[in-house]
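J.: Before we start, here is the structure in question, set down as structure tokens.
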Amino acid sequence: MPLAVAVAGANVHDTNLVTLTLEAVAVPRPAPTDERPQHLCLDAGYAGERTQTAVAAGGYIPHVRPRHEEQAYVRSADPAKKPRRWVVERLHSWLNRSRRLLVRWEKLQRTYEAFLHLACALICFQQCQRVTAAQVSE
């Protein structure tokens, strides 16, 4: 499920949007404790010092797995060693089903963000329907 989105130009690197994205998380989260810390999995593009500082300031424990390490664990049966990048890539694929988002026709950022939030809401509803259907069939 999408938790937050941040919109910027195509020439802005993702690492510059980490703080903005973490601040945009709409779901209230419990405060991290020593017993239940909160983790954030990132790919190798977020390995920089500035990103690590922003993630730690947000109360998360950053986990950055280099690409070569991800490739080594692709066929691992241990779920703790499985690559997790596909979660974000899958969301991008779902968002790209909306042609309105794939090609940006809107000139105003707030209009584009409105369509982006609508697409995220539709994805959430679809996921809720899948979970509900799976629970009914059990």
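J.: As a check on your grasp of the helix formula, calculate [θ] at 222 nm for the chain: sum -39500 (n - 2.57) over DSSP H runs of n ≥ 4, divide by the residue count, round to the nearest 500.
T.: Result for the chain, helices only: -14000 deg cm²/dmol.
J.: What's the exposure ranking of 12, 55, 5, going from fewest to most Cβ atoms within 10 Å?
T.: Starting with the residue having the fewest Cβ neighbours, the order is 12, 5, 55.
J.: In the Gaussian network model of the chain, springs joining C-alpha atoms below 10 Å, which of 21, 53, 33 carries the largest mean-square fluctuation?
T.: Evaluated over the chain, the most mobile residue of the options is 33.
J.: Arranged by the count of other C-beta atoms within 10 angstrom, fewest first, what order do 61, 123 take?
T.: Going from least to most buried by this count: 61, 123.
J.: Also, quick follow-up: Using only the Cα atoms, work out Rg/Rh for the chain, with Rh taken as the Kirkwood radius, to two decimals.
T.: 0.98
Where a number appears in this text, it was derived from the coordinates with a stated rule and is not lab data. Source: prediction; values computed, not measured. Glycine gets a Cβ as well: all are built from the backbone with ideal geometry, and neighbour counts include every protein chain shown.
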